[in-house]
Structure formats: C-alpha cells, structure tokens
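The values are calculated or read from the model by the stated rules, or taken from the named source; none is laboratory data. Nothing here was measured: the structure is a model prediction, and the numbers come from that model. Don't worry about glycine lacking a Cβ; one is built from the backbone with ideal geometry, like all the others, and counts go over all protein chains shown. Surface areas here come from the heavy atoms of the whole protein model, side chains and all, with no ligands, DNA or RNA. Shrake-Rupley method; radii C 1.70, N 1.55, O 1.52, S 1.80 Å.
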Amino acid sequence: MPWSTSFDEPIRLRGGAKLTTLQHAADYVIALPQDVQQQERWQIAVENLINAAETGGGWLMFARIGMMRALNGDRGER
C-alpha cells in the first residue's frame, strides 16, 4: 500500500488541520521533537504506519487508531 493511501476518515488535529494519508501522518510524527517521537505511544503509531504502508489490509485502520491514541495520549494520563 503506498504512503499516499488515504485514511477512511481524516484525522483531525487541534487547530483544524487534518492528516489525510499515511504520508501526512508520518510527516507529522517526523516534525515532532525527538524526545516526543521516542515516547511509546508515538513509537506504536509509527510501527502501525509502517505496517500499513508495507502490508496494507487492516493495518490502515490500526495506523489511524495508533495516531489517534498518540495524539490524545496526553488526555487521561496521570
């Protein structure tokens, strides 16, 4: 599955921007500070993005879920 593959539903970011493809999501993670990228939730999101790009299938859904969880990870953590 190419990196240009679109999510079934865009991922909305705070501020109104959207991540619409695997590549948009990967670029978003790459732009994060290095220490943030190393957090477990972002590592899981990246792993799912890579799996989606390499294998396709149901991984696209897992990639979207991984990104959503990483983006919302600051909520509810103690």
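With a 1.4 Å probe and every protein chain kept in, tell me what percent of the accessible surface of the chain is carbon plus sulfur.
Values: 2670 of 5090 Å².
For the chain, the apolar C and S fraction of the accessible surface comes to 52 percent.
Positive end of the dipole of the chain, charges at C-beta (+1 Lys, Arg; -1 Asp, Glu), about the Cα centre: which of PRO33, GLY73, ALA52 has its Cα farthest in that direction?
GLY73
How would you rank 28-38, 56-66, highest first, on the average number of other Cβ atoms within 10 Å across their residues? Don't skip to the answer; put the middle values down first.
Details: 28-38: 11.2, 56-66: 17.1.
Averaged packing, sorted descending, gives the order 56-66, 28-38.
Report the extension gain between MET61 and THR20 in nm, rounded to one decimal, defined as 0.36 nm multiplied by the number of residues separating them, less their alpha carbon distance. The partial results should precede the final answer.
Numbers: separation 41, 0.36 × 41 = 14.76 nm, distance 1.27 nm.
Extra length from MET61 to THR20 when fully extended: 13.5 nm.
Using helices alone, I'd like the mean residue ellipticity at 222 nm for the chain: each DSSP H run of four-plus residues gives -39500 (n - 2.57), total over residue count, nearest 500. Intermediate values should be presented prior to the final figure.
Working: 4 runs with 43 residues, N = 78.
Per the formula, -16500 deg cm²/dmol.
Starting from the Cα-Cα distance between GLU47 and ASP27, subtract it from 0.36 nm times their residue separation and give me the gain in nm to one decimal.
Here the segment from GLU47 to ASP27 would lengthen by 5.8 nm.
What's the Kirkwood radius of the chain in Å, using all Cα pairs?
Numbers: mean 1/r = 0.0805 Å⁻¹.
Its Kirkwood hydrodynamic radius stands at 12.4 Å.
Using alpha carbons only, how many degrees (0 to 90, rounded to 10) separate the axis of helix 22-31 from the longest principal axis of the chain?
For helix 22-31, the angle is close to 30 degrees.
What is the extension gain from GLN37 to ASP8, computed as 0.36 nm multiplied by their sequence separation minus the C-alpha to C-alpha distance, in nm to one decimal?
Values: separation 29, 0.36 × 29 = 10.44 nm, distance 2.46 nm.
Gain in length upon complete extension: 8.0 nm.
What accessible area per residue, rounded to a whole number of Å², is obtained for the chain using a probe radius of 1.4 Å? All intermediate terms of the calculation are to be shown ahead of the outcome.
Working: 5090 Å² over 78 residues.
Using a 1.4 Å probe on heavy atoms only, each residue of the chain averages 65 Å².
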